[in-house]
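> Supplied in structure tokens, the structure appears directly below.
The values are calculated or read from the model by the stated rules, or taken from the named source; none is laboratory data. Predicted model, so just to flag it, every value in this text is computed and none were measured. Neighbour counts run over all protein chains shown; Cβ positions are idealised from the backbone, glycine included.
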Amino acid sequence: MPRDILSEIVEKKKEAVRAAQRDCPMACIQAKAAAAPNGRSFFSAMTSSQDVRIIAEIKRASPSRGLIRADLNAAEQAAAYADGGAAALSVLTDGPYFQGSLGDLAAARAATTLPVLRKEFIVSAYQIFESRAWRADAILLIVRILSAAQLSEYLAISRELGMDALVEVHTEADLGVATDAGATLIGINNRNLTSFDTDIGRAVNLVARFGAGQIAVAASGIVGRDDIERNLAAGIHNFLIGESLVRADDPAAFLRHLRTGQPMPD
């Protein structure tokens, strides 16, 4: 039987949440969330007048690729992304599979004025309050790992805390669940999180099923300007890009190339 990586991650995440709650119970993390200053608008970044809006991601590793960049400095990478014209940042905070941390989120946010998405496998309301406590401006909610009731509840909590939510889908059925929950910002993951296989055409095909007012973000497998243009032709203007930016020798220049088609410097 093929390895179900997503189920492994979810089980470890539930254990991690239980451990975090022992250190800072729900009332504790709610108080910290309430004390956090107002956030930055992730939604505004995804609806600006830019033709290509890129959420530039900070991650050191992934289950599918292994170690990507061991020496990544979250603050320096964030500053480079801002210089390249990123619309927002995404920061992986999972440790066991992505070698990220909440410290990376804090460092990246402090280094720029961009809104920051906490890229995490959220399986508990606790993590939403934790995200606000650490000053995340938006959270990722993955339809594949949540019940319909959880998704609706977590969207409501994020709104109450003044955070935006990017709801991740992979299939038409996922999109139906997201739509029923009232999701507006919808990330189409070209990667199947069970097998981690990637099909870059998935977002292009699925966006045709979006309803009025829903905003698409294409994620995973976008490595060049040709990929951007293919999505633009389908009406997608928002992109979450990680690995290709992290691997780039000059992430700011590569980001400008992805955004504008401007040639890379020699």
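Rundown of residues vs (1) in contact with a Lys or Arg (Cβ under 7 Å, 6 or more places away or on another chain); (2) crowded, with 22+ Cβ neighbours inside 10 Å; (3) polar (S, T, N, Q), yes/no style:
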{"residue": "Arg118", "(1), (2), (3)": "no, yes, no"}
{"residue": "Ala125", "(1), (2), (3)": "no, no, no"}
{"residue": "Ile139", "(1), (2), (3)": "yes, yes, no"}
{"residue": "Ile145", "(1), (2), (3)": "no, no, no"}
{"residue": "Ala181", "(1), (2), (3)": "no, no, no"}
{"residue": "Gln214", "(1), (2), (3)": "no, no, yes"}
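> Considering (1) modelled with pLDDT of 95 or more; (2) surrounded by fewer than 20 Cβ atoms within 10 Å (Cβ to Cβ), say which one Glu168 fails and leave the rest.
That leaves (2) as the condition not met.
> Taking the criterion of being touching a Pro at 6+ places or on another chain (Cβ under 9 Å), modelled with pLDDT of 95 or more and not charged (D, E, K, R), would at least one residue in the range 28-35 satisfy it?
Checking the range 28-35: not a single residue is touching a Pro at 6+ places or on another chain (Cβ under 9 Å), modelled with pLDDT of 95 or more and not charged (D, E, K, R).
> Hey, among the residues in the range 43-58 that are assigned to a loop (DSSP other than H, G, I, E, B) and polar (S, T, N, Q), which one's nearest to Thr113 (Cα to Cα)?
Of everything passing the filter in the range 43-58, Ser48 is nearest to Thr113 (Cα to Cα).
> For the range 173-206, which positions are over 15 Å from Asn238 (Cα atoms) and modelled with pLDDT of 95 or more?
Answer for the range 173-206, where residues must be over 15 Å from Asn238 (Cα atoms) and modelled with pLDDT of 95 or more: Ala173, Asp174, Leu175, Gly176, Val177, Ala178, Thr179, Asp180, Ala181, Gly182, Ala183.
> For Ala108, are the conditions met, namely being crowded, with 23+ Cβ neighbours inside 10 Å and under 13 Å from Val246 (Cα atoms)?
For Ala108, the condition - crowded, with 23+ Cβ neighbours inside 10 Å and under 13 Å from Val246 (Cα atoms) - is not met.
> Okay, moving on. Please work out if Glu130 is of a type in the set (D, E, K, R), surrounded by 24 or more Cβ atoms within 10 Å (Cβ to Cβ), part of a helix (DSSP H, G or I) and at negative phi.
Answer is yes for this residue.
> Read through the list (1) in contact with a helix residue (DSSP H, G or I) (Cβ under 9 Å, 6 or more places away or on another chain); (2) in a helix (DSSP H, G or I); (3) more than 19 Å from Asp164 (Cα to Cα); (4) in contact (Cβ under 8 Å) with a residue 60 or more places away in the chain, then give the number of the only condition that Lys32 fails.
(3)
> Related question: Look at Ile228 and say whether it is crowded, with 19+ Cβ neighbours inside 10 Å, under 19 Å from the mean Cα position of the chain (by Cα) and within 25 Å of Ala148 (Cα to Cα).
No.
> Can you find a residue that is outside any loop (DSSP other than H, G, I, E, B), surrounded by fewer than 18 Cβ atoms within 10 Å (Cβ to Cβ) and touching a Pro at 6+ places or on another chain (Cβ under 9 Å) anywhere in the range 59-77? Walk me through how you get there before you give the answer.
So the first thing to find is which residues in the range 59-77 are outside any loop (DSSP other than H, G, I, E, B), and the list is 61-62, 66-67, 74-77.
Narrowing further to those that are surrounded by fewer than 18 Cβ atoms within 10 Å (Cβ to Cβ): 66-67, 75-76.
Next cut, touching a Pro at 6+ places or on another chain (Cβ under 9 Å) only: none.
No: zero hits.
> Scan the range 63-74 and report the pairs whose first residue is within 23 Å of Asp197 (Cα to Cα) and whose second residue is assigned to a loop (DSSP other than H, G, I, E, B) and of a type in the set (Ser, Thr, Tyr), with Cβ atoms within less than 8 Å and a gap of 6+ or a chain change.
Sorted first by the residue in the range 63-74, then by its partner, the pairs are Pro63/Tyr97.
> Something else now. Quick one: in the range 257-266, which of the residues that are surrounded by fewer than 20 Cβ atoms within 10 Å (Cβ to Cβ) and either assigned to a loop (DSSP other than H, G, I, E, B) or not β-branched (Val, Ile, Thr) (or both) is modelled with the highest pLDDT?
That would be His257.
> Let me ask something else about it. Just one of Arg118, Arg109 is part of a strand (DSSP E or B), within 27 Å of Ile236 (Cβ to Cβ), at pLDDT 95 or above and among the charged types (D, E, K, R); which is it?
Arg118
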